[in-house]
Amino acid sequence: MASAKFITFEGGEGSGKSTQARLLADRLQVRGIEALLTREPGGSPFAERVRALLLDPAIPAHGALSEALLFYAARADHLDKTIRPALAAGRWIICDRFSDSSRVYQGAAGGLRAATLDALERLVVLPTRPHLTLILDLPPMQGLARARARGTLVGGVGAPTDPFEGRDASFHEHLRKGYAALAKAEPQRCALVDATKPTDVVAAEIWALVEQRLLSGAR
Ligand code: TYD
């Protein structure tokens, strides 16, 4: 049996991560691999409480450092209570967003220095880094339109769901560039997937990547 793998999904708003994470879990199950689906911010009782604070549209203005520290506080508990125990028990993990979101939202787009995020990464995440990170890429305007059409938005259709969706166009462009840079810097861990394609085509590409990178040799 292959040892348990940790897979993360990343991308801008409305990139289809949650749908693709579910489809991948279903596909793994057909192969006899039980994966735990989890998300960030969240994934443990404490981290879900921090999520509610971070995504509250009424949260008072605050800096990127305060924000990053809260995301990493939630992450530390998520790793301790959910991710590490599951991996130790041989269970695969599929996580909808992880620390690359901090690098890109609070770092590349939010203005925090890479060295600050590297320090938090060492303190909180190591040695539990993802084996594979799937970055769903699409033009920000397309993703935001999708997210806003979902109809589940705080404030009704057309309103931002969370404080991040409502940021200006250049913030979302920086996110996309940040993710592209990450994929280039860490090609062995990260793969950029074209999320403008239909859901089933994206799912097939993701499955091919998982087979190639995590399952070949484990049959
Ligand atoms: P969520 O509703 O889960 O959005 P999405 O469907 O886009 O994943 O909200 C999570 C928001 O938090 C999202 O806008 C990205 C942001 N975020 C950060 O800014 N930093 C982080 O470290 C994480 C995990 C998320």
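The values are calculated or read from the model by the stated rules, or taken from the named source; none is laboratory data. Note that the structure is a prediction, hence the values are computed from the model and not measured. Virtual Cβ from ideal backbone geometry, glycine too; neighbours counted across all protein chains shown.
Key figures
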item: In segment 62-121, the residues that are in contact with a Phe, Trp or Tyr (Cβ under 6 Å, 6 or more places away or on another chain) and farther than 22 Å from LEU134 by Cβ; result: ASP77, LEU120
item: Segment 172-186, subset surrounded by fewer than 16 Cβ atoms within 10 Å (Cβ to Cβ) and in contact (Cβ under 8 Å) with a residue 60 or more places away in the chain, residue nearest to PRO140 (Cα to Cα); result: LYS177
item: Restricting segment 20-64 to residues that are surrounded by 15 or more Cβ atoms within 10 Å (Cβ to Cβ), part of a helix (DSSP H, G or I) and of a type outside the set (A, V, I, L, M), the residue that is nearest to the ligand (Cβ to nearest atom); result: ARG51
item: In segment 1-15, residue surrounded by the most Cβ atoms within 10 Å (Cβ to Cβ) [restricted to those that are more than 9 Å from the ligand (Cβ to nearest atom) and at pLDDT below 95]; result: ALA2
item: Residues located in segment 95-118, provided they are charged (D, E, K, R), assigned to a loop (DSSP other than H, G, I, E, B) and either in contact with a Leu (Cβ under 9 Å, 6 or more places away or on another chain) or closer than 24 Å to ALA35 by Cα (or both); result: ARG97
item: GLY90 vs. criteria crowded, with 18+ Cβ neighbours inside 10 Å and either more than 9 Å from the ligand (Cβ to nearest atom) or in a helix (DSSP H, G or I) (or both); result: no
item: Criterion: on the phi > 0 side of the Ramachandran plot and not aromatic (Phe, Trp, Tyr) - qualifying residue of GLY63, GLY32; result: GLY32
item: Selection count where residues are touching a helix residue (DSSP H, G or I) at 6+ places or on another chain (Cβ under 9 Å) and either of a type in the set (A, V, I, L, M) or loosely packed, with under 14 Cβ neighbours inside 10 Å (or both), scope segment 187-214; result: 12
item: Test: residue in segment 128-148 that is within 21 Å of ARG39 (Cβ to Cβ), within 11 Å of the ligand (Cβ to nearest atom) and surrounded by fewer than 17 Cβ atoms within 10 Å (Cβ to Cβ); result: yes
item: Check on ALA74, among the aliphatic types (A, V, I, L, M), free of Cβ contacts under 8 Å to residues at least 60 places away in the same chain and near the ligand (Cβ under 10 Å from one of its atoms); result: yes
